[in-house]
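The values are calculated or read from the model by the stated rules, or taken from the named source; none is laboratory data. Everything numeric here is computed off the predicted structure, so don't read it as measured data. Every residue, glycine as well, gets a Cβ built from its backbone with ideal geometry; the counts of neighbours run over all protein chains shown. Quick note on the areas: whole protein, heavy atoms, side chains included, nothing else; ligands and nucleic acids left out. Shrake-Rupley method; radii C 1.70, N 1.55, O 1.52, S 1.80 Å.
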Amino acid sequence: MSADGPMHLPQGVTVAADKNSKHREALVVLNDRVVSAFFVTKQNANTMDTFKAYEQGSIGFIHVVDVSNVDAMPRVDILYAYEDMQIDSIYSAVKNGVKGVVVAGEGAGCVSTELASACNDIVAKHNIPIVLSHRTVNVEVPTAGITGENAKTQIASGMFNPQQSRILLGLLLAEKKGLEEIRQVFLKAAAA
């Protein structure tokens with residue numbers, strides 16, 4: 001009916017005024033779609049129809065973070081796992097002051113045996129939380145997928161992509177949350 005910009009305003013107002021929008025937190029309304037801002041991701045830098053949430057489900061996770069006394073978030077790095085990945089990358093991050101690590105694993109957060117062992121070593125020696133996330137658009141990293149010794153040290157990201165996991169982990173570290181407290185927050189995301 002119009003260029004994309006002018007149509008967004010009346011659609012946004014219509015959704016905001018609708019009683020069904022109440023208590024749904026922030027919503028994104030673009031291109032005839034209403035999606036949860038919690039799950040929305042920009043998919044393409046060159047197209048107008050780019051903000052989408054690929055069937056992530058309903059909002060079911062809320063964590064309030066008090067940032068009133070936070071000047072900066074602690075350093076949290078994202079490492080992308082790949083075949084034959086050398087583990088010196090994660091040790092280098094630790095050596096250079098990282099406070100948390102998100103690993104974008106293959107499939108549903110899978111990493112090599114060597115990288116999993118390195119993660120376990122880092123958590124045991126340095127108490128640095130490590131969150132396993134994914135590289136795909138529509139996947140969950142379930143807690144059930146992290147087993148054995150890894151279940152004690154690695155944290156599943158649930159529905160969070162690496163970027164979202166990094167922000168949440170940084171905020172939790174800024175709040176001085178410990179490893180188990182961080183695990184419980186991400187566990188809620190997996191159950192959402």
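Quick rundown of the values:
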quantity: Test: residue in region 182-190 that is in contact with a helix residue (DSSP H, G or I) (Cβ under 7 Å, 6 or more places away or on another chain), at pLDDT below 85 and open to solvent by 40 Å² or more (accessible area, probe 1.4 Å); calculated: yes
quantity: Filter result (at pLDDT below 80, loosely packed, with under 15 Cβ neighbours inside 10 Å, part of a loop (DSSP other than H, G, I, E, B) and in contact with a strand residue (DSSP E or B) (Cβ under 8 Å, 6 or more places away or on another chain)) within region 32-48; calculated: GLN43
quantity: Subset tally (residues that are buried (at least 20 other Cβ atoms within 10 Å of the Cβ) and either of a type in the set (Val, Ile, Thr) or part of a loop (DSSP other than H, G, I, E, B) (or both)) for region 107-122; calculated: 3
quantity: Search result, residues across region 125-145 that are touching a Lys or Arg at 6+ places or on another chain (Cβ under 9 Å) and either part of a loop (DSSP other than H, G, I, E, B) or open to solvent by 10 Å² or more (accessible area, probe 1.4 Å) (or both); calculated: ILE128, PRO129, VAL137, THR143
quantity: Residue match in region 164-176 (condition: buried (at least 18 other Cβ atoms within 10 Å of the Cβ), among the aliphatic types (A, V, I, L, M), free of Cβ contacts under 8 Å to residues at least 60 places away in the same chain and farther than 22 Å from VAL40 by Cβ); calculated: no
quantity: Residues of region 84-106 classified as open to solvent by 50 Å² or more (accessible area, probe 1.4 Å) and either at pLDDT 95 or above or within 19 Å of ASN150 (Cα to Cα) (or both), total; calculated: 9
quantity: The one condition in (1) without any contact (Cβ under 8 Å) to a residue 40 or more places away in the chain; (2) open to solvent by 10 Å² or more (accessible area, probe 1.4 Å); (3) under 15 Å from GLY100 (Cα atoms); (4) not acidic (Asp, Glu) that ILE155 fails to fulfil; calculated: (2)
